[in-house]
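Colleague: The structure that follows is given in the form of structure tokens.
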Amino acid sequence: MESSSASAYVRWLAAVRDLTGDAVSLAAWQDRRFEHANQVGALLTNAASAGDAVVGHVLYGVYLHGIGLAYVGQTSNAQRRLKDLPVGESHHLATTLPPELWDRVVVVQWPELTAHVPASEQAALTELGTDICGLALEYRVQLSRRPPLNGRRRTGAGVWVPRRPDESRSRGAVHADRFAAMHECVAEVWNQLEAVAAPNGGAKVSFVPGGRAVFPSLMLG
């Protein structure tokens, strides 16, 4: 396995060097990669005939061929964060896994689901605010689904070490129990987006009430 991985890395490095071997090739590589990333970001956020623009608080997950759900995140500023997600200017994911490798990205607009939770959780949302609720939901989704890229953290020594989410004392973890019903609503929408088939024809995005799924791999030429 180690030999195969090393060989694949050498081939990848050689391919990138071929694609960036002179100034003209470098510009073409830059154009191609940004065009794709920009298209992904637009589909994650822009309004469409079947859905309004994605704004405010969302949960999102990135899926890979052969792995399934690889990363779960949340943001309070979907327009900015989701557009940057595939570009990678302020988000680490694209530096490890470029969007050309992403099978699908699911986006759950969880504030649209608050009417379906009991009064106690609506009161908790009012008390704690949407930022804390978003962190709590992110924690619950990560804890229930265990995406591998959320399972480790970087250190200053240049290595990755395992996270221990069950022992977390983060703000999301501390308040997670107060949003159990909200998490169930999120899980229902998430499961629908995870299961929805990739659209046929020219479409690259599918919609369900409360969210959308984008298929970056369908955009590759």
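The values are calculated or read from the model by the stated rules, or taken from the named source; none is laboratory data. These numbers come from a predicted model, not from an experiment. In this analysis, Cβ positions are derived from the backbone assuming ideal geometry, glycine residues included, and neighbour counts consider all displayed protein chains.
Colleague: Suppose we keep only residues that are in a loop (DSSP other than H, G, I, E, B) and within 28 Å of Glu188 (Cβ to Cβ) within region 140-163. Which one would you say is nearest to the chain's Cα centre (by Cα)?
Modeller: Looking only at region 140-163, we keep the residues that are in a loop (DSSP other than H, G, I, E, B), and these are 146-147, 151, 155-159, 163.
Going one step further and asking which of them are within 28 Å of Glu188 (Cβ to Cβ), we end up with 146-147, 151, 163.
Working: Arg146: 14, Pro147: 11, Gly151: 15, Arg163: 19 Å.
The residue in question is Pro147.
Colleague: Hey, another quick one. Based on what the data block shows, is Val107 surrounded by fewer than 12 Cβ atoms within 10 Å (Cβ to Cβ), within 22 Å of the chain's Cα centre (by Cα) and either among the β-branched types (Val, Ile, Thr) or closer than 22 Å to His57 by Cα (or both)?
Modeller: no
Colleague: OK, next. Return the residue satisfying two criteria in turn: it lies in region 30-59 and is without any contact (Cβ under 8 Å) to a residue 12 or more places away in the chain, over 26 Å from Glu184 (Cβ atoms) and of a type outside the set (Lys, Arg), and of such residues it is surrounded by the most Cβ atoms within 10 Å (Cβ to Cβ). Walk me through it before giving the result.
Modeller: In the first step, residues of region 30-59 are kept if they are without any contact (Cβ under 8 Å) to a residue 12 or more places away in the chain; the result is 30-32, 35, 46-47, 49, 52.
Okay, now just the ones that are also over 26 Å from Glu184 (Cβ atoms), so 30-32, 35, 46-47, 49.
Imposing the further condition that a residue be of a type outside the set (Lys, Arg) reduces the set to 30-31, 35, 46-47, 49.
Numbers: Gln30: 11, Asp31: 10, Glu35: 12, Asn46: 14, Ala47: 10, Ser49: 5.
Taking the candidates together, the pick is Asn46.
Colleague: To continue, here is another question. Does Gly88 satisfy the criteria of being surrounded by 16 or more Cβ atoms within 10 Å (Cβ to Cβ), at positive phi and of a type in the set (Gly, Ala, Ser)?
Modeller: The answer is yes for Gly88.
Colleague: Could I ask something else about it? Given (1) under 22 Å from Ala187 (Cβ atoms); (2) of a type in the set (S, T, N, Q); (3) assigned to a loop (DSSP other than H, G, I, E, B), where does Gln74 come up short, assuming only one miss?
Modeller: Single failed check for Gln74: (3).
Colleague: Could you list, in sequence order, the residues of region 169-190 that are under 21 Å from the mean Cα position of the chain (by Cα) and not in a helix (DSSP H, G or I)?
Modeller: Residue satisfying the conditions is Ser170 alone.
Colleague: Name the single residue that is nearest to Asn150 (Cα to Cα) among those in region 60-85 being surrounded by fewer than 18 Cβ atoms within 10 Å (Cβ to Cβ) and among the small types (Gly, Ala, Ser).
Modeller: Checking each candidate, the answer is Gly68.
Colleague: At pLDDT 95 or above, out of contact with any Asp or Glu (no Cβ under 6 Å at 6 or more places or on another chain) and either among the basic types (Lys, Arg) or assigned to a helix (DSSP H, G or I) (or both): does that describe Ala6?
Modeller: no
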